[in-house]
Structure formats: C-alpha cells, structure tokens
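Engineer: First the structure, which I've put down as structure tokens, then a few questions once you've had a look.
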Amino acid sequence: MTELILIRHGETSWNRERRMQGQTDTPLSDLGRAQAQAVGERLARHAFAAIYSSDLTRAWDTAAAIARASGREIVREPRLRECTFGVFEGLTYPEMAQRYPAEHARFVLREDDYAVPGGESPRQFYERSLGCLEDIAAAHPGECAVVVTHGLVLDTLHRAARNMPLNAKRDAPLLNASVNIFRREPRAWVEVVWGDVAHLAEVGVTRYDGRAV
C-alpha cells in the first residue's frame, strides 16, 4: 500500500495570534523553526521516497528542514496550498464577525458551495487538495512519501478517510509540525496516525484550545 506522511507546517506568529492565514505568505516563528527542525530529525529515521511541499513559505521552510535531515530534494506543489479565504485573511475570528457579519454567518455554517469574497468554497478546496493527494499517492505505488502542507489539507484527508461530509464540524485538532499518516488502499484512504507530536516534547506544542487557524 502507498503511505503518505502529512506534516502541518510549523507555527507562525499568525497562528499564535489566531489570524486567518489562508494563502497569505507568512513566515515561521522562532518556535515554528524549532518545530520544523524537530520533525526533520524525526523523519530522518524514517524511509521515504520523496518530499512534496506547498510553495507557501511556512510549509516550504518546514519541508526544507526535513530535506536537510534526510538528504532528499523537495517537489514544489502549489495545489498543496491552504484554502484561500479572501477578505478574511489577516483577520482574527472576532474581526471577521465584526467587519463581515453576513459573510461570517454563512462561513461558520460550512456551506459546501459558499465562498467568501475572493476565497474558495469548501467543495472547491476539497476537490483541489484531495486531487493533489491522490496524484501523489498514484506516483508512488508501494512507497512512502512525505507531504508538507497546511491544516485544512490534513482535514481534507481526515474527512476522506472517515467519509465525513464537508459541512460536519471538525472533530480532530490540527497541530503544527504534527505527524499524520495515511494509507491509500485500492478503494479507500485509511487513517493510521493522527496528530502525533511526540517529537515536540522538548520544543513545545502550539495549542489553540481545541481549535486551529
């Protein structure tokens, strides 16, 4: 079976401030860089065939730490970018509700085909990100590949493996620099490991009271 190890990028200051990042190109924080180094050291002990990464800086720099530790080159994949959130990007949750009350009210309902101005709908994002992960799995039959990406891409594969509808409330945390392992079997995705942050014990885990930006 093909195995994908999905890594969420290390922490950014916008994560800590709980600002909507989307495709705004934010850098890793000092803690985020330490988290990236820690996950790189962990994966250096794991055999894998390739590293794929979103081209946004926070993911790319996390992938670079893995590449340095493993000696692998990184394959740039823009389809692994975070969902685009348009006018919400750069805002905190209270600011979104205050500045765009009507749009925010629809956004929190997770309507499959509703996109905030300038953004993607849940369905558009799901099809884009899952299609990319399917292509990566197909390129590595019987192998393992590392995929460095963003929180909602992890959420996409979690939903696909559990047959969760797009409008269902998220039921699992999205942790920075976490290890998440999935197998692509002939008829389904299988979730093997979720949210493993054992390698961050000495560095620090970024937590958001059960939520993640």
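Engineer: Under a plain spin-label model, where a point goes 7 Å from the Cα along Cα-to-Cβ, how far apart in nm are Arg170 and Glu202?
Structural biologist: It works out to 3.0 nm between the two label points.
Engineer: Please work out the C-alpha center-to-center distance from the range 1-50 to the range 51-79 and express it in whole Å.
Structural biologist: Their Cα centres are 9 Å away from one another.
Engineer: Then there's this: Would you tally the net charge around Val39, using a Cβ to Cβ cut-off of less than 15 Å, leaving Val39 out, and scoring K and R as +1, D and E as -1?
Structural biologist: With Lys, Arg at +1 and Asp, Glu at -1, the net is +2.
Engineer: Turning to a different aspect of this structure: Check each of the chymotrypsin sites (Phe, Trp or Tyr not before Pro) in the range 1-106 and keep only those in coil by DSSP with at most 13 other C-beta atoms within 10 angstrom; list them in order.
Structural biologist: When the chymotrypsin sites (Phe, Trp or Tyr not before Pro) of the range 1-106 are filtered for loop state and at most 13 Cβ neighbours within 10 Å, nothing remains.
Engineer: Same structure, new question: Relative to the longest principal axis of the C-alpha atoms of the chain, give the angle of the C-alpha long axis of helix 30-43, reported between 0 and 90° and rounded to the nearest 10°.
Structural biologist: Compared with the principal axis, the helix lies near 40 degrees.
Engineer: What's the exposure ranking of His46, His150, going from fewest to most Cβ atoms within 10 Å?
Structural biologist: By the 10 Å Cβ count, ascending: His46, His150.
Engineer: Compute the helix-to-body angle for 122-139: its Cα long axis versus the longest principal axis of the chain, expressed 0 to 90° and rounded to tens.
Structural biologist: The two axes meet at around 10 degrees.
Engineer: Right, here's the next one. Report the net charge of residues surrounding Glu17, where surrounding means a beta-carbon distance below 12 angstrom and charges are Lys +1, Arg +1, Asp -1, Glu -1.
Structural biologist: Net charge in that neighbourhood comes out at +1.
Engineer: Moving to a separate point now. Exposed loop sites here are trypsin sites (Lys or Arg not before Pro) in DSSP loop states with at most 13 other C-beta atoms within 10 Å. What is the longest stretch of the chain lacking them?
Structural biologist: The longest uninterrupted stretch comes out as 46-168.
Engineer: Which option, (i) 52, 43, 32; (ii) 48, 41, 27; (iii) 45, 40, 28, is the value of Cα extents along the principal axes in Å that was calculated from these coordinates?
Structural biologist: Computed from the coordinates, Cα extents along the principal axes in Å corresponds to (ii).
Engineer: I want to check the label-to-label distance for Glu134 and Arg99. Put each point 7 Å from Cα in the C-beta direction and report it in nm to one decimal.
Structural biologist: Those two pseudo-labels are separated by 3.6 nm.
Engineer: Also: Would you calculate a helix-derived [θ] at 222 nm for the chain, using -39,500 (n - 2.57) for each DSSP H run of n ≥ 4 and dividing by the full residue count, to the nearest 500?
Structural biologist: -11000 deg cm²/dmol
Engineer: Any chance you could give the angle, 0 to 90 degrees and rounded to 10, that helix 151-162 forms with the longest Cα principal axis of the chain?
Structural biologist: Approximately 80 degrees, to the nearest 10.
Engineer: In 5 Å bins starting at 0, how do the alpha-carbon pair distances of the range 1-123 split up by percent?
Structural biologist: So the P(r) values, bin by bin, are 2, 11, 18, 19, 16, 13, 10, 7, 3, 1.
Values in this text are rule-based calculations from the coordinates and carry no lab data. These figures come from a predicted structure and were not determined experimentally. All Cβ positions, even for glycine, are placed from backbone atoms using ideal geometry, and neighbour counts span all protein chains on display.
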